[in-house]
Amino acid sequence: MSTNQLINEALQKLINGNERFADSKSINPNQTIERRNEVLQGQNPFAVIVGCSDSRVPPEIIFDQGIGDLFIIRTAGNIVDDVALGSIEYAVDHLGTPIVVVLGHGKCGAVTATVQGGEAHGHIGSIVKTILPAVEKAKTQSGDLTNNSIKANIGLVVDTIKSAKPIITAALEQGKVMVVGAYYDIESGEVEFIL
């Protein structure tokens with residue numbers, strides 16, 4: 001199977017899984033003792049999900065996937081730093097994972113806090129500082145500032161991942177990986193992919 005077919009198949013698995021979840025028709029695949037035994041010798045996730053730490057946004061559930069299917073990095077505001085980028089690089093370079101999805105969501109607390117401003121104590125300030133460029137970008141748009149900031153943040157994180165040298169940039173140039181954004185509506189349960 002070509003890399004392009006792998007990328008399209010991975011994206012379709014995510015779309016189909018989310019449709020099942022949003023329609024309350026989850027099948028909870030790959031969650032058996034047989035699957036646990038199958039992945040004992042190694043993993044072969046078909047997608048990397050860079051998601052938010054928010055407890056309302058569990059990727060395996062909203063994409064109706066199971067053990068060994070998704071390689072997940074979760075941080076508040078679905079932001080990436082060098083450690084997160086290294087994790088993504090590992091999945092792409094060593095595991096051959098063909099798609100990276102940056103999954104933002106409605107009512108994101110990290111983005112909302114950044115929009116509202118004020119003092120961020122402790123290490124929370126580093127989260128706010130990372131999200132602030134998205135808020136500044138969203139201020140130039142019409143519509144809801146928080147929602148626009150969430151979507152701008154998704155786009156900026158996608159750009160950060162796409163520009164990660166040398167591993168991700170090389171994989172993109174060779175057509176081995178696709179990096180896309182996605183927005184999860186926590187009310188409807190639906191994910192909208194931003195290609």
Keeping the other protein chains in place, figure out the carbon and sulfur percent of the accessible area of the range 141-195, with a 1.4 Å probe.
49
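With every protein chain kept in the model, how would you rank Glu34, Glu187 by accessible area, 1.4 Å probe, largest at the top?
Glu187, Glu34
Could you tally the net charge around Thr169, taking each other residue with its Cβ under 13 Å from the Cβ of Thr169, Lys/Arg +1 and Asp/Glu -1? Write out the running numbers ahead of the final one.
Values: positive: Lys162, Lys165, Lys176; negative: Glu89, Asp93, Asp159, Glu173.
Charge balance near Thr169 sits at -1.
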Most to least packed among 137-148, 154-165 [average Cβ atoms within 10 Å]:
154-165, 137-148
Hey, which aspartates and glutamates would be in cross-link range of Lys165, C-alpha to C-alpha under 18 Å, not counting anything within fewer than 8 residues on its own chain?
Asp81, Asp82, Glu89, Asp93, Glu173
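Given a cut-off of 30 Å, what percent of all Cα-Cα pairs of the chain lie beyond it?
Pairs farther apart than 30 Å: 20 percent.
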What list of ³J(HN,Hα) values in whole Hz, one per residue of the range 64-69 in order, does the Karplus curve 6.51 cos²θ - 1.76 cosθ + 1.60 (θ = phi - 60°) give from phi, with Gly and Pro shown as x?
6, 10, x, 4, x, 7
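Just by accessible area at a 1.4 angstrom probe, what is the order of Asp23, Asp185, Asp82, Asp69 from largest to smallest?
Asp82, Asp23, Asp185, Asp69
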If you bin the C-alpha pair distances of the range 128-170 every 10 Å from 0, what whole percents do you get?
31, 42, 22, 6
Those lysines that a straight Cα-Cα span of less than 23 Å connects to Lys139, excepting residues fewer than 8 apart in one chain
Lys107, Lys129, Lys151
Hey, what number do you get for the chain at 222 nm if only DSSP H runs of n ≥ 4 count, each worth -39500 (n - 2.57), divided across all residues, to the nearest 500?
-14000 deg cm²/dmol
Carbon-plus-sulfur fraction of the accessible area of the range 43-106, 1.4 Å probe, in percent?
50
Rounded FRET efficiency, nearest 0.05, which uses the C-beta distance separating His121 from Gln12 and R0 of 41 Å
0.40
Counting only heavy atoms of protein chains, what accessible area per residue, in Å², does the range 40-110 have with a probe of 1.4 Å?
37
Residues whose modelled amide H sits under 5 Å from the amide H of Arg74, counting only those 5 or more places away in sequence or on another chain, are Gly51
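The values are calculated or read from the model by the stated rules, or taken from the named source; none is laboratory data. Model, not experiment: these values are computed from the prediction. Positions of Cβ are backbone-derived with ideal geometry, glycine not excepted, and every protein chain shown enters the neighbour counts. Note: accessible area is taken over every heavy atom of the protein model, side chains too, but ligands, DNA and RNA are not part of it. Shrake-Rupley method; radii C 1.70, N 1.55, O 1.52, S 1.80 Å.
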